[in-house]
Amino acid sequence: MCAMLIGIVGKPNVGKSTFFNAATDAHAEIANYPFTTIEANHGVMFIRKPCPCKDFKVTCTPKNSKCVNGTRYVPIEALDVAGLVPDAFKGKGLGNKFLDDLRQAHALIHIVDASGSTDAEGNPVSPGSYDPLNDVSFLEKEIMYWMHGIIKKSLDAIARKCELEGKKIERLLSEQLTGLGIREEHISDALRKGGLTTSKPSQWTDDEVLSLSDHIRHTSKPMIIAYNKIDISSEELVKKKEVIEQQGYTVVPSSAEAELALTHAADNGFIDYVRGNSTFSLNPDKELTDKQKQGLQFIKTHILEKFGSTGIQKCIEETVSMLDLIVVYPVEDDHHLTDKDGRILPDAFLVPRGSTAKDLAYKIHTDIGDHFIRAIDARSKRVIGADYELKDGDVISIVSNA
């Protein structure tokens, strides 16, 4: 299983499962009515990074990822959950299940219907008759109130331990929220941004707790917006992307249906296409029907040439960029770039920027971290210490007595 989990979220019927299928080559059920997705779908997406095999002039044999013509595809787990409707935190729709499914997500891609063809409940309406701006902030609000409810349930007991026993409020709250994938540093950051007095949590007002919940959500579950169905959106609604961006969001114009069509055409040999590219080429040895030609031409003119891509791969990579993650390549033999089985550049690991060589050792195995001696930068052949800060694209050999 991948270490990184990204949730694909939004109200019903906005194209979440289509996005999920296009991003993962999965086969989640797709239909034009609310709550098609009941059970969460799991799949694997990839981000693209230059593979060190080109720098070292070797042929790599990846184990946890794949390399295509010098581009390393690094895996990330994706989770497509049930659609969220207003007041989900109160249990409306499938709200409780939706929120529970998202507990361990590191970040969220919020699918918004840019065509305005689904109402607040996810029911189909005439394109342009619903304002997608209404959907932008509601999902964050639902998660905020969900977290608020969890915090409020135990805040009195936490406040007593903090004020009478001198325990740190950050530690107590993180223990309460650990099941949501929330760490102590998330709490510390949220308390600082909220300007709350940490020594007297019993005096926090409900509005302050709500604000704290919002800061925790923002820190622990950051979100970008996939402005989906952009190919059938009016020019007026397309321009609303700028309005959303002015609110501080990263917004990626996208068409999940177009990506799905292109990947299917490529899989069947009709076109040469690579995810995330701005163009494709027809296979002269394959016969296309007039309808197929028209569909591909529409995608080329109205999506690829207009927006630069279908947006699906860009959403994935923008999310990883938002999380400030880098990719490093651990090897056992720094001369041959191999693991114990002789695989060349076998693994590609996503780690937070600022991670150290010792952090990488622990990511490989707890015993290796516990018995860390030193590390070697395979590019420079320099010996580096435990506190060496990893750089994107580093190839590192860990030496331990484990």
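The values are calculated or read from the model by the stated rules, or taken from the named source; none is laboratory data. Quick caveat: nothing in here was measured; it's all calculated off a predicted structure. For neighbour counting, all protein chains shown are included, and Cβ atoms are generated from backbone atoms with ideal geometry for every residue, glycine included.
Could we say that residue 359 is modelled with pLDDT of 95 or more, part of a loop (DSSP other than H, G, I, E, B) and acidic (Asp, Glu) here? The answer is no for residue 359.
I'm trying to understand the selection: among the residues of the stretch 302-342, which are under 18 Å from the mean Cα position of the chain (by Cα) and either assigned to a helix (DSSP H, G or I) or of a type in the set (Lys, Arg) (or both)? 312, 313, 314, 315, 316, 317, 318, 319, 320, 321, 322, listed by residue number. Only one of (1) part of a helix (DSSP H, G or I); (2) outside the structural domain of residue 110 (by TED's automatic domain parsing) is not met by residue 196, so which one is it? Every condition holds for residue 196 apart from (1).
Report yes if residue 357 is under 27 Å from the mean Cα position of the chain (by Cα), touching a residue at least 12 places away in the same chain (Cβ under 8 Å), surrounded by 19 or more Cβ atoms within 10 Å (Cβ to Cβ) and under 30 Å from residue 265 (Cα atoms), otherwise no. The answer is no for residue 357.
Here residue 386 does not fit the description of being at pLDDT 95 or above, over 30 Å from residue 15 (Cβ atoms), surrounded by 18 or more Cβ atoms within 10 Å (Cβ to Cβ) and not assigned by TED's automatic domain parsing to the domain that holds residue 17. Residues of the stretch 207-220 that are out of contact with any Gly (no Cβ under 7 Å at 6 or more places or on another chain) and touching a residue at least 24 places away in the same chain (Cβ under 8 Å): 209, 210, 213, 214, 216, 217, 218, 219. With the stretch 206-293 as the region, which helices (runs of 4 or more DSSP H) entirely inside it contain at least 3 residues that are over 23 Å from the mean Cα position of the chain (by Cα) and under 20 Å from residue 7 (Cβ atoms)? In the stretch 206-293, there are no helices (runs of 4 or more DSSP H) which contain 3 or more residues that are over 23 Å from the mean Cα position of the chain (by Cα) and under 20 Å from residue 7 (Cβ atoms). Exactly one residue out of 129, 137 is polar (S, T, N, Q), exposed (fewer than 15 other Cβ atoms within 10 Å of the Cβ) and at pLDDT below 90, and it is 137. The requirement of being surrounded by 20 or more Cβ atoms within 10 Å (Cβ to Cβ), at negative phi and over 30 Å from the mean Cα position of the chain (by Cα) is satisfied by residue 376. Looking across the stretch 362-371, the residues that are within 31 Å of the chain's Cα centre (by Cα) and either surrounded by fewer than 16 Cβ atoms within 10 Å (Cβ to Cβ) or under 18 Å from residue 334 (Cβ atoms) (or both) come down to 363, 364, 365, 366, 367, 368, 370. Pairs are defined by a Cβ separation below 7 Å, a sequence spacing of at least 6 or placement on different chains, a first member in the stretch 50-70 that is touching a residue at least 40 places away in the same chain (Cβ under 8 Å), and a second member that is acidic (Asp, Glu) and in a loop (DSSP other than H, G, I, E, B); the pairs so defined are 63/347; 64/347. Restricting the first member to the stretch 263-288 and to residues that are in contact (Cβ under 8 Å) with a residue 40 or more places away in the chain, and the second to residues that are in a loop (DSSP other than H, G, I, E, B), the beta-carbon pairs closer than 8 Å and six or more apart or on different chains are 263/25; 263/273; 263/275; 276/309.
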